[in-house]
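These notes are about the structure you will find just below.
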Amino acid sequence: MRITCPYCGTRDIREFAYRGAAIDANRPAPDAGAAAWDDFVHLRDNPAGETQDLWYHEGGCSAWVMVTRNTVTHEVLECRAVKP
């Protein structure tokens with residue numbers, strides 16, 4: 001899979017680190033406790049179809065990129081910068 005960094009252009013996925021779903025309504029409160037956070041971090045849904053994920057351009061410019069992709073076809077539909 002290739003991701004287009006808004007600053008560096010199209011790059012191999014190995015330059016990026018996956019950081020999870022871009023929008024997650026199930027995120028626990030900061031003081032929810034270790035068990036709730038352990039479940040949130042390690043027990044993930046595996047949806048079929050379109051998703052929005054956060055990726056960090058670890059091997060490049062250190063940008064955060066929101067990637068809209070299809071998990072069935074592996075097609076990347078959109079990549080855009082996430083402003084801090």
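What follows is calculated from the coordinates using simple rules that are stated; it is not laboratory data. None of these values were measured; they are calculated from a predicted model. Neighbour counts run over all protein chains shown; Cβ positions are idealised from the backbone, glycine included.
Taking the chain as a Gaussian network, where each spring joins two C-alpha atoms under 10 Å apart, which residue of R19, R27, R11 fluctuates the most?
R27
What is the dipole size for the chain, taken about its Cα centre, with +1 at each Lys and Arg Cβ and -1 at each Asp and Glu Cβ, in debye to the nearest 20?
About 300 debye.
If you project the alpha carbons of the chain onto their three principal axes, what span does each projection cover, largest first, in Å?
The principal-axis extents, from largest down, are 40, 28, 20 Å.
Go ahead and estimate [θ] at 222 nm for the chain from helices alone: -39,500 (n - 2.57) per DSSP H run with n ≥ 4, summed, over the residue count, rounded to 500.
Value at 222 nm, helices only: -3000 deg cm²/dmol.
Multiply the residue gap between W64 and R27 by 0.36 nm, knock off their C-alpha separation, and tell me the result in nm, one decimal place.
11.4 nm
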